[in-house]
Structure formats: structure tokens, C-alpha cells
Amino acid sequence: MAQKPRSDTHRLGKPLKRAFFDRSVHEVAPDLIGTTFLVGGVGGIIVEVEAYHQTEPAAHSFNGPTPRNQVMFGPPGFSYVYRSYGIHWCVNFVCEAPGSASAVLIRALEPTHGLAAMRRRRGLGDEQSLCSGPGKLCEALGITIAHSELPLDRPPIALYARSETPEIDIGMRIGITKAVDLPWRYGVKGSKFLSKRFPS
């Protein structure tokens, strides 16, 4: 018998509420690995994230609030979407108490829901490459600046608890030039859906 696609067999866990994000970004980031992130019913399992905090220069909030990053200084449990290099949208989840200005960048997903829509938006059929990077997953899920500052527990966004705790790799964040020595990147060990492999 042919094996069913993951999208047909993947069961969603309990919906995550905004209170999930009301704690240290360093607790939230690894706890997001294995959860399911959907936008308008399209998305998949989070397999890679990075943590950012106002106290370090790689964070957009490091130099204080601006019209772009204001949501990072507000309450936890909201989205922060920005344009990277003027090309790709990137989505983050705001964490910690108001004023802390910390967030988790969602770097990669394992596609499980709405694969046809993702393939159409990305213009490719390779499941492994659909969401293997922050810009790729935003394109696949149809995320734009219109999705910034939205609550993470109300439509069109939905997050669901993981059904099992995966083995997690920890490493340095990538694609940045400041605070490069901080081991604030987390990912599912051995996942083929990562944006980049973790060093052995």
C-alpha cells in the first residue's frame, strides 16, 4: 500500500495561545520546534528558528523602537513581518513582556498543509525546497507586510502544539554580521527541510 502524504496523516495538537509567548525568548524558541504554523490553513511543522533579543546588535530592536519594529516592543504573541534585503518577507513571533523587544524568526517548515497552494506560490514542486528558508516559507504561505502585527492565536494565523518533542540541534545564527557567536539557532536534528544543516 502506498504511504500517505504527511499532510494526510499529520494530526494537529492543542492550539497555542498568546500566553505561550509570554516568557523568555530562549525558552520559546526551542519550544516552537515541532509545532505547526498555518496561515489561512496553509503551512507545516516548524523545523528551524532563531532567537533575537533587544540586548544584542543583530536584533532589529537593538537601537530602540521605530515604525517598522514597534510591534516588538508591545505585548507578546503577535507577528512581526519585515522585508529582508528589499526582496523577501520574513516572519517573527514576538515574545516576553512589553518593552523587552524580543522575537523568534521562523526559518524553515516541513510542509504538511496546503501543498498545492505552496507549490503554486513558489512555482516549484520540490517539497523539500518549499519552505527551507525564511523568505521561501513566507512566499509559500502567502505572508506579506499585511500579516504583521497580527495576533498569533486568531485567523488567519494558527499555531498548534507539537505532538512529540523532537531532538533539537543548537548552533550559531546565520545570515547576520553582528553577534554571530551567539548559539541562538534551533532546529530539528537531521531534518531535510532545514535552510542549512547544523555543523556536526
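We did not get these values from a lab; they are worked out from the coordinates using the rules stated. Because the structure is predicted, anything quoted here is derived from the model rather than measured. Methodologically, a virtual Cβ is constructed for each residue, glycine included, from the backbone with ideal geometry; neighbour enumeration extends over all protein chains shown.
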Next item on the list: Keeping to the range 97-107, report how many residues are assigned to a loop (DSSP other than H, G, I, E, B), among the hydrophobic types (A, V, I, L, M, F, W, C) and out of contact with any His (no Cβ under 8 Å at 6 or more places or on another chain).
Entry: 1
Check: Scanning for something under 15 Å from the mean Cα position of the chain (by Cα), among the small types (Gly, Ala, Ser) and either buried (at least 18 other Cβ atoms within 10 Å of the Cβ) or under 22 Å from ASN69 (Cβ atoms) (or both), does the range 112-122 turn up at least one residue?
Finding: no
Next item on the list: Name the residue, out of ILE106, ILE33, that is touching an Asp or Glu at 6+ places or on another chain (Cβ under 9 Å), more than 23 Å from THR177 (Cα to Cα) and among the β-branched types (Val, Ile, Thr).
Entry: ILE33
Next item on the list: Mind counting the residues in the range 161-190 that are more than 15 Å from the chain's Cα centre (by Cα), surrounded by 13 or more Cβ atoms within 10 Å (Cβ to Cβ), at negative phi and of a type outside the set (Val, Ile, Thr)?
Entry: 7
Check: Does the range 151-160 contain at least one residue that is of a type outside the set (Lys, Arg), touching a Lys or Arg at 6+ places or on another chain (Cβ under 7 Å), surrounded by fewer than 13 Cβ atoms within 10 Å (Cβ to Cβ) and within 18 Å of VAL42 (Cα to Cα)?
Finding: no
Next item on the list: Please state which of the following conditions LEU137 fails to meet, knowing it meets all the rest: (1) closer than 24 Å to LEU16 by Cα; (2) among the aliphatic types (A, V, I, L, M); (3) assigned to a helix (DSSP H, G or I); (4) over 12 Å from the mean Cα position of the chain (by Cα).
Entry: (4)
